[in-house]
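Scroll down for the structure; my scribbles are underneath it.
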Amino acid sequence: CGPLGCGTVFKVAPSGTFTTLHSFCSENNCDDGGLPQAALVQGRDGSLYGTTESYGAHLGGTIFKITPGGTLTTLYSFCSRSNCADGATSSGGLIQAPDGGFYGTTYSGGTNTSDLCDYGCGTVFEINPSGKLRTLYSFCSQSSCTDGASPMAALVQATDGNFYGTTETGGVNGGGTVFQITPAGTLATLHVFCSEGGTDCTDGANPLVGLIQDTNGTFYGTTVNGGANGDGTVFSLSVGLGPFVKTQTSSGNVGATVKILGTDLTGATSVSFNGTAATFTVPSKSLIKATVPVGATTGFVTVTTPRGTLTSSQQFRVRP
């Protein structure tokens, strides 16, 4: 809702103080977009980035940047190309990759249509912080949409540098897919739902949300339909990626305590921030608490265990 009925961006202080930063459709003809469906992501520049599902200059939704103080900039309006070849209706949100670009999906638009998606079958895109958009892939590029159609969820970038996601429909059996796509746009279908149990779809059908990668390297997700009881599933998918560690926060000052998550951290012998050794404790087999050391610089966190050295999935930014 919001005062204009098209959604808001807000902040809530730890004390509970609520502040509306922006009300969508506040610009003429709703050029700023409306109906944001996904979470925001904070870029490395400190600003927040997100998507709106609808409105914008071409009525296909937008990608926006907003400062913590509430200044909003529309970076891109979908459907700016003929027949919405650049995509439309982005409901899954963005992720920022190490190359600085933001990656996401659109539910409709793109260069392909079918009976499953009259208004386009969706895309995977990349946009740089200045607003230049690149379409990496248009779904239903393959006959009968065997590559999937209509992705609703955000992507996840795994430890191999590739992106992983889901499509709601399409695939050989029409129940959606799990896919991998490289930063250059090469797509591979990893799983086709409804591939077990025929029409019963015992492996699930129609994933509406994205994947998460556990620190053991395996992906996990859900489907809204299918399963033994017809009411959805929780699934795991392994593609052979190894274990890693993940910092609970993406940045911190020297002297700050940082929580590091992992799968089997018992017996860890060293922790370093971009090569600078840190003091640490191991409260449990899945948690390390480390202090950002003097001299540390932005880079990857490594943890040495009796089973080998684990590297963080993302760089940790040491704040000045």
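The values are calculated or read from the model by the stated rules, or taken from the named source; none is laboratory data. This is a predicted model, so every value here is computed, not measured. Counting neighbours? That spans all protein chains shown, and the Cβs are built from the backbone with ideal geometry, glycine included. Remember, those area values only see protein heavy atoms, side chains included, never the ligands or the DNA or RNA. Shrake-Rupley method; radii C 1.70, N 1.55, O 1.52, S 1.80 Å.
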Selection from the stretch 59-95 of residues in contact with a Pro (Cβ under 8 Å, 6 or more places away or on another chain) and surrounded by 23 or more Cβ atoms within 10 Å (Cβ to Cβ) yields Gly92
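Please specify each residue of the stretch 131-143 satisfying the condition of being at pLDDT 95 or above and either of a type outside the set (Val, Ile, Thr) or in a loop (DSSP other than H, G, I, E, B) (or both). Let's see the steps before the verdict.
Residues of the stretch 131-143 at pLDDT 95 or above: 131-142.
Once the filter is applied, which keeps residues that are at pLDDT 95 or above and either of a type outside the set (Val, Ile, Thr) or in a loop (DSSP other than H, G, I, E, B) (or both), the stretch 131-143 yields Gly131, Lys132, Leu133, Arg134, Leu136, Tyr137, Ser138, Phe139, Cys140, Ser141, Gln142.
Which residue out of Thr73, Thr89 is closer than 27 Å to Thr222 by Cα and either free of Cβ contacts under 8 Å to residues at least 40 places away in the same chain or not polar (S, T, N, Q) (or both)?
Numbers: Thr73 fails: closer than 27 Å to Thr222 by Cα.
Exactly one residue qualifies, and that residue is Thr89.
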Counting only residues in the stretch 219-241 that are part of a loop (DSSP other than H, G, I, E, B) and within 20 Å of the chain's Cα centre (by Cα), the one farthest from Ser312 (Cα to Cα) is identified as Val224
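Show me the strands (runs of 3 or more DSSP E) entirely contained within the stretch 60-114 in which 2 or more residues are out of contact with any helix residue (DSSP H, G or I) (no Cβ under 9 Å at 6 or more places or on another chain) and of a type in the set (Gly, Ala, Ser). First the steps, then the outcome.
Details: elements: 62-66, 72-77, 102-106.
In the stretch 60-114, there are no strands (runs of 3 or more DSSP E) which contain 2 or more residues that are out of contact with any helix residue (DSSP H, G or I) (no Cβ under 9 Å at 6 or more places or on another chain) and of a type in the set (Gly, Ala, Ser).
For the stretch 287-308, give me each residue that is among the polar types (S, T, N, Q), farther than 16 Å from Arg319 by Cβ and in contact with a strand residue (DSSP E or B) (Cβ under 6 Å, 6 or more places away or on another chain).
Thr302, Thr304 - these are the residues of the stretch 287-308 that are among the polar types (S, T, N, Q), farther than 16 Å from Arg319 by Cβ and in contact with a strand residue (DSSP E or B) (Cβ under 6 Å, 6 or more places away or on another chain).
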Within the stretch 248-257, identify whether any single residue is without any contact (Cβ under 8 Å) to a residue 24 or more places away in the chain, touching an Asp or Glu at 6+ places or on another chain (Cβ under 8 Å) and open to solvent by 60 Å² or more (accessible area, probe 1.4 Å), and answer yes or no. no
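Out of the residues in the stretch 37-54 that are out of contact with any Phe, Trp or Tyr (no Cβ under 7 Å at 6 or more places or on another chain) and not in a strand (DSSP E or B), which is modelled with the lowest pLDDT? Don't jump to the end; show me each part of the working.
Filtering the stretch 37-54 down to residues out of contact with any Phe, Trp or Tyr (no Cβ under 7 Å at 6 or more places or on another chain) leaves 37-39, 42, 44-48, 51, 53-54.
Next cut, not in a strand (DSSP E or B) only: 37-39, 44-47, 53.
Values: Gln37: 94, Ala38: 95, Ala39: 95, Arg44: 86, Asp45: 90, Gly46: 90, Ser47: 96, Glu53: 96.
Among them, the one singled out is Arg44.
Give me a count of the residues in the stretch 161-200 that are acidic (Asp, Glu) and either more than 19 Å from the chain's Cα centre (by Cα) or open to solvent by 50 Å² or more (accessible area, probe 1.4 Å) (or both).
First, the residues of the stretch 161-200 that are acidic (Asp, Glu): 168, 196, 200.
Those still in the list that are either more than 19 Å from the chain's Cα centre (by Cα) or open to solvent by 50 Å² or more (accessible area, probe 1.4 Å) (or both) too: 196, 200.
Counting residues in the stretch 161-200 that are acidic (Asp, Glu) and either more than 19 Å from the chain's Cα centre (by Cα) or open to solvent by 50 Å² or more (accessible area, probe 1.4 Å) (or both) gives 2.
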Could you list, ordered by first residue, the pairs with Cβ atoms under 6 Å in which the first is in the stretch 1-12 and closer than 18 Å to Thr62 by Cβ and the second is at pLDDT below 70, at least 6 apart or interchain? Thr8/Gly2
For the stretch 258-288 the number of residues that are free of Cβ contacts under 8 Å to residues at least 40 places away in the same chain, buried (at least 16 other Cβ atoms within 10 Å of the Cβ) and not hydroxyl-bearing (Ser, Thr, Tyr) is 5
For the subset of the stretch 27-58 comprising residues that are at positive phi and buried (at least 17 other Cβ atoms within 10 Å of the Cβ), which member is farthest from the chain's Cα centre (by Cα)? Cys30
So is Thr189 assigned to a strand (DSSP E or B), farther than 19 Å from Gly93 by Cα and β-branched (Val, Ile, Thr) or not? yes
Among (1) over 18 Å from the mean Cα position of the chain (by Cα); (2) in a strand (DSSP E or B) - the single one Phe125 does not satisfy: (1)
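Within the group Gly217, Gly226, which residue is open to solvent by less than 40 Å² (accessible area, probe 1.4 Å) and modelled with pLDDT under 95?
Details: Gly217 fails: modelled with pLDDT under 95.
Answer to the selection: Gly226.
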